[in-house]
Amino acid sequence: MNKKETVIQFEDIRKTYITGPVKYEALKGINFKIKKGEMVAIMGPSGSGKSTIMNIVGALDVPSSGKYLLKGKDIAHYGEDELAEVRNKEIGFIFQSYNLLPRTTVLKNVERPMMYSGVKADERKKRAMKSLSEVDVDDKAENLSNHLSGGQIQRVAIARALVMEPAILLADEPTGNLDTKTAKEVMEFFIKLNKEKGSTVVVITHDVEIAEFAERIIYIRDGLIEKDEINNRKRK
Amino acid sequence: MDIEELFNLAIEALKGNIARTLLTMLGVIIGIASVIAIISLGQGSTQSVVDQVNSFGVNVLTVSPGRVQRMGGGGSTVDTLTMEDGEAVSKLSNVEAVSGEMSRSKTLTVDGESTSASVKGVEASYVEIKSLDFDAGIFFSEGQVGSNSKVAVLGDTVVEDLFGEEAEFYAVGETVRIDGKTFKIMGVISDSGEVLVPISTAENVLFGQDYLNSLSVQIENGDLMSQTEEEIESLLLKRHDIEDVNEADFSLRSSEAMLETVNEMTGTLVTMLSGIAAISLLVGGIGIMNIMLVTVTERTKEIGLLKAIGAKRQDILTQFLIEAVVLTLVGGIIGLVLGMGLAYLGSMLMGVPFVVSASSVFLAVGVSMGVGVLFGWYPANKASRLSPIDALRYE
């Protein structure tokens, strides 16, 4: 595994929020590397700073100081439009809720990121359908997104994340709104993608049971890494 | 993203809440409809007045006695304009024909039926100058003017009063008594309530006056209208021994000048009413801005999601701007159709021609799009500036 290239590298990442006179240090120097093909869970209670990590990993925000190398490029100082392009091409987001555009078909939802990078209509459709079939929801392509079940929505979100062939799949509490059985199914999808396609998966969660689907768990507490260990428990 | 995609997205978004979309459009619909209706009716009434003025004769100058300053001045008691003045004017180059006119109100009788009408003494050239249309008969000749003939040409409404309806044909050749003197009817002119007699007869037999109430001058080349106008003016000033133009005892008026006055008047009216309609557009635009701001707030999470999957600031701005423009454009088109309908009804009621110019169609489309861009900009810009983290976290 060490021979594989590093996709994400955090070097002394700090993030300080300033609201008026109050300074709040959310991240106090975070260091880690994630290699291609890894499946990592970033775990911590609320307020630990894991959401801030997720925002920085996902290029939604930039750190106050430190280096963030994404595929070898330091994007810590990127501007708004450059970050949008990084999100579009390198990050596949799966959120806890509000993953899909309402009143819009599944197909159009999956096509959307390609629209922002100027892919032509017919190729867009072809790639979207391929992506949907990988998560077994291609039969729902013409359905409106608000007519899907919770599990189906997460799968469509995964299909949309995959369609741009990003460097990482970044899942933020992806099972937060699902029942245990569906949550397990979704997590097994991530494992399948990780094993069969070699996708790099980063799951942000506060739930130990979900974190344990990953092969490596980074524990965050009070803005620092508490533990960074290989998950020795049986991977389901 | 290409424009067509964005249009589809905008239409989808607007279809999502039809009732709100229509209510939002209402301001623009009312604004555009009133502007279109006002402009159309304005053009229609101008058209009808222009037609009337043109029926007075094209390239015709009218000289009236009396000073311009005296409003409605002169009338029949000012005796400064004479037959000799008319003859002098007729000798100018570029003057095709001249006809002096004197008129009084007189009573006409036929077999005990009587009516009162304006009797006008004119020269034989009058028929050409005014392009008179005849229902029956002919105009009197120059010879008849020279010999004080007691002949008359009657307007069709006068004939109707005296002989009854549809009497135009047998009226010709009959006699009519004006002030107790017998006149032979030579012809009947359409759409007129006047009685025309030779000017010599009017001067010597009927009125006993030797001055003119007005002088009609037909110009040969209309392009030289203003030049000829000046020539006539200086000629008459010289003849009347007046040095200061402001002291002139006559006034000149061209049909062109009359048209200008009419155009100015309707123009002012249309501008004023359009101004009021523009206020309605402004209010409509503010309404659209208001609703768009609400929409942006409602769709904060959606904007966050779009930014997360790679939408740039420009993409969001364009999407919301196009939404606003589609909203106002559709409103503008509905308003255009509605305004044309109103103008059609209005023109029927007012009895003016129904005119819709291409320019007012462009105006409707252009203005409604302009309103969309102007009032959609602020909400769209606000949407595009949302930070993706804040937008995603928004509940």
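What the table below lists for this structure:
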read-out: Residue mean of other protein chain beta carbons inside 10 Å, B:309-320; value: 5
read-out: Lysine pairs with alpha-carbon atoms under 26 Å apart, segment B:67-248, spacing 8 or more or separate chains; value: 16
read-out: Ranked list, fewest to most other Cβ atoms within 10 Å of each Cβ, for B:Leu212, B:Leu321, B:Leu269; value: B:Leu269, B:Leu321, B:Leu212
read-out: Cα centroid separation, segment B:266-323 to segment B:145-193 (Å); value: 69
read-out: For peptides B:37-46, B:202-211, B:241-250, sequence by mean Cβ density within 10 Å, most packed first; value: B:37-46, B:202-211, B:241-250
read-out: Of all DSSP beta bridges in segment B:67-248, antiparallel share, percent nearest 5; value: 75
read-out: Crossing angle, helix B:255-298 versus chain B [Cα axis fit, 0-90 degrees, rounded to tens]; value: 10
read-out: Diffusion constant of chain A at 10 °C, which comes from Stokes-Einstein with the Kirkwood Cα-pair radius and 1.306 mPa s, µm²/s; value: 87
read-out: Cα→Cβ-extended label distance, 7 Å offset, between B:Leu345 and B:Glu243, nm; value: 6.5
read-out: Cα-based equivalent ellipsoid, segment A:156-215: semi-axes from gyration tensor eigenvalues, Å; value: 18, 12, 11
read-out: Estimated inter-spin distance, B:Trp377 and B:Ala358, nm [label 7 Å along Cα→Cβ]; value: 3.0
read-out: The protein assembly as shown, dipole about Cα centre (Lys/Arg Cβ +1, Asp/Glu Cβ -1), debye to the nearest 20; value: 6800
read-out: Sequence of A:Met54, B:Met265, A:Met129 once ranked by neighbouring C-beta atoms within 10 Å, starting from the fewest; value: B:Met265, A:Met129, A:Met54
read-out: Set A:Lys33/A:Lys71; A:Lys184/B:Lys307; A:Lys35/A:Lys192; A:Lys36/A:Lys89; A:Lys71/A:Lys192 screened for pairs whose C-alpha atoms are more than 20 Å apart; value: A:Lys184/B:Lys307; A:Lys71/A:Lys192
read-out: For B:294-305, mean number of other protein chain Cβ atoms within 10 Å; value: 2
read-out: Cβ neighbours within 10 Å from other chains - mean over A:111-117; value: 5
read-out: Charge dipole (chain A, unit charges on Cβ, about Cα centre) - positive-most of A:Pro45, A:Ser145, A:Met115; value: A:Met115
read-out: Charged-residue dipole, Cβ positions (Lys, Arg, Asp, Glu), segment B:67-248 about Cα centre, Debye nearest 20; value: 660
read-out: For A:Ile204, distant residues with modelled amide H under 5 Å away; value: A:Ile42, A:Ala171, A:Asp172, A:Glu173
read-out: Segment B:268-390 shape via C-alpha gyration tensor axes, a/c threshold 1.5; value: prolate
read-out: Dipole magnitude of chain B about its Cα centre (Cβ charges: Lys, Arg +1; Asp, Glu -1), debye to nearest 20; value: 2640
read-out: Distance in nm between pseudo-label sites at A:Ser133 and B:Tyr394 (7 Å out along the Cβ direction from Cα); value: 3.8
read-out: Considering only the protein assembly as shown, percent of DSSP beta bridges that pair antiparallel, nearest 5; value: 70
read-out: Proxy reagent accessibility, fewest Cβ within 10 Å first, across B:Ile286, B:Ile334, A:Ile210; value: B:Ile286, B:Ile334, A:Ile210
read-out: Mean shadow area of chain B over all directions, Cα convex hull, nm²; value: 27.5
read-out: Kirkwood Rh in Å, taken over segment B:67-248 so that all alpha-carbon pairs contribute; value: 17.4
read-out: Mean residue ellipticity (222 nm) of the protein assembly as shown, computed from DSSP H runs ≥ 4 via -39,500 (n - 2.57), nearest 500; value: -15000 deg cm²/dmol
read-out: For the protein assembly as shown, alpha-carbon Rg over 2.2 N^0.38 Å; value: 1.72
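Bear in mind these aren't lab numbers, they're just calculated from the coordinates by the rules spelled out. Keep in mind that this is a model prediction, so the values were computed, not measured. Using ideal geometry, Cβ is built from the backbone for each residue, glycine included, and neighbour counts are taken over all protein chains shown.
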